[in-house]
Amino acid sequence: MRNARPVLAVLAVLLGIWYAACIPMNIQEVLTTAARAGAVVIPETAPERLATSRFVLVAENLDHIGASWSVDRARLPSPEQVLGELWKGIFDQPVTSKRSLVYHGMITLQATLAGLALGLVVGVGLAMAIVYFRVMDLSVMPWAVISQTIPIVALAPMIVVLSNSLGLGERLGIENRLVSKAIIAAYLSFFPVLVGMIKGLRSPDAMQLDLMRTWNATGLQEFSRLRLPASLPFLFASLKVAVAASLVGAIVGELPTGAIEGLGARMLVASQFGQPLLMWASLFAAAIAAGGLILVVGLLQRFVDNRLGVRS
Amino acid sequence: MTAILAAIAFWLAAWATNVALSRSRMGAARTLTPAIFGAAILVLWEGIVRGLGVPEVILPPPSVVAVTFIERRDILWTDFVQTILKGAVTGYIMGCGAALVTAVLIDRSPFLTRGLLPVGNFLAALPIVGVAPIMVMWFGFGWQSKAAVVFAMVFFPVLVNAVAGLQASEPMQRDLMRTYGAGYWTTLGRLRIPAAMPFVFNGLKIATTLAVIGAIVAEFFGSPTRGMGFRISTAVGSLALPMVWAQIVVAALSGTAFYGIVVWVESRITFWHPSQRRRA
């Protein structure tokens, strides 16, 4: 808790910057509204105002800046406006409503978790193959690194086309859109798991491996009693990264795939229909989801550590 | 059918070669094995697509993609300039530069550092791509909005790594600088910034991938009639899949090259670090 005060101070500074930035960002809209209401604004006509710098406008119309934090369709909505919209999206609707952020969040979360599960299986499987077979290490590992420098969004539409034409969704009995989003999320999340698991599975030192051999342990026992438990701390550290990456994948996967549901789709809709508040609210909903997921992984880690008798 | 069998035969032969290579102690195995593996995948892809007669609108064979890549290189080049050079690289340089300057400024105050590290770590884990629609609204459809998205995406990972790096020098080393009579700036320039470099490059490497992703994603929210994201979404719409795959090739090549350049610079600057020593 030593860090609580500095963290709060930094958050307060960020909030202050946000409030301050609202003034120049929204000054055009504020002055337009004020001029329509008949107030005196300098300069008087809209084209002149457009040509003037935002900061000059602020300096010349100091008595109007009070309206900066409550503009409709603001370029930069104020924190309480965003909070209000977030509240409206989360608590003021039934969870099943298409306007509820919880509803869209659940859809994105579903893809995130499906992608994470897939990424875990691929990552752990590849890590085991790489640790046990030198040929896999030599031939697959460089490509795993290169795969992460390929921007997945470029591949996203292709993944949709492929999974649709293969009918992956129908065969597995789930929605096609979920399949493509989950694959994209898995593509981003398998790599941290892979790197962490390779490190973890290789972490037992020669002494410990020798001890297992003196006990006449089979390869399977060596894996399940020594290598796997030893790799758990590494796995949880990379899971925190993987969960965040998976969420990014699920959101990005909604953009070019023509999704109409989910937080990413909500952002796209809000941007096309000019609803900045909804954009910000979806962004914050995504941030809350990311924070929540990382928290869950942390709790899970504590639970597993307790069961295994790890002393913190 | 013969095409599939030939491809599978090639795959098996390549795999056998790789197994043999991995057993030998040849120095070239480290570069040869992944190259053979990549080639085998391409041949397998080509063979299966041709052998099963998969239509081009689902999955074009690599040879068709290669032909498209060569024939449409003028379009690919315009898109590359728009998205990678103007959007990603500009945003990357500005974002990383701003993050490094901020790190040095913040580092002077231990209070701010302690507060900023957790906040920055948290922000770095958030789906910042989400700011793309907001940036497009603020900066218009041109490359400026893409650079702004890239800026927002790379800022926190680089900042967090740089701040952590500036604290990496040991108290003993800092004491030694003080006995030499070095002031704050000399210590910063001669000891702490060099000591921070491995951390900084860690952040810079993560940021290269983010930069390319950010620049392409931002184009889905609005772009002029060029750019890789724009071309991908329109080409998918008109089922011109070889074009999409050619764009993917460009994205993969530029992503890898971008990463490679940063790794190369890192090896020149942090040549003293243990991780850069040549493997015996």
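Give me the accessible area per residue for chain A, probe 1.4 Å, as a whole number in Å². Please list the in-between numbers first.
On the way: 15820 Å² over 312 residues.
Here the per-residue accessible area is 51 Å².
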Determine which aspartates and glutamates satisfy two conditions relative to residue A:240: a Cα distance under 20 Å, and not lying fewer than 8 residues away in the same chain. A:305
Among the Cα-Cα pairs of chain B, the proportion with separation greater than 28 Å, in percent, is 53 percent
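Please work out the Cα convex hull volume for chain A and give it in Å³ per residue. Intermediate values should be presented prior to the final figure.
On the way: hull volume 63.5 nm³, N = 312.
In chain A, the Cα convex hull volume per residue is 204 Å³.
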Set of aspartates and glutamates near residue A:88 by C-alpha distance (under 20 Å), chain-local residues within fewer than 8 positions excluded: A:72, A:80, A:261
When the Cα centres of segment A:76-122 and segment B:183-228 are compared, how far apart do they sit, in Å? 29 Å
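For segment A:1-94, state which trypsin sites (Lys or Arg not before Pro) are in a DSSP loop and have at most 13 other beta carbons lying within 10 Å of their beta carbon. Mind showing how you got there, number by number?
Details: sites: A:2, A:36, A:49, A:54, A:73, A:75, A:88; in loops: A:2, A:73, A:75.
In loop regions of segment A:1-94 (DSSP not H, G, I, E or B), the sparsely surrounded trypsin sites (Lys or Arg not before Pro) are A:2, A:73.
Rg(Cα) of the protein assembly as shown divided by 2.2 N^0.38 Å?
Details: Rg = 26.3 Å, N = 592, 2.2 N^0.38 = 24.9 Å.
Here the answer is 1.06, to two decimals.
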Quick one: longest stretch of chain A between exposed loop chymotrypsin sites (Phe, Trp or Tyr not before Pro), exposed meaning at most 15 other C-beta atoms within 10 Å and loop per DSSP? A:1-132
Per DSSP, the loop-located trypsin sites (Lys or Arg not before Pro) within segment B:175-280 having at most 13 other beta carbons within 10 Å are B:277, B:278, B:279
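The values are calculated or read from the model by the stated rules, or taken from the named source; none is laboratory data. Just so it is clear, the model here is predicted, and its values are computed rather than measured. Cβ sites come from the backbone with ideal geometry, for glycine too, and all protein chains shown count toward neighbours. The protein model used for the area step is the full one, side chains on, heavy atoms only, and it has no ligands, DNA or RNA in it. Shrake-Rupley method; radii C 1.70, N 1.55, O 1.52, S 1.80 Å.
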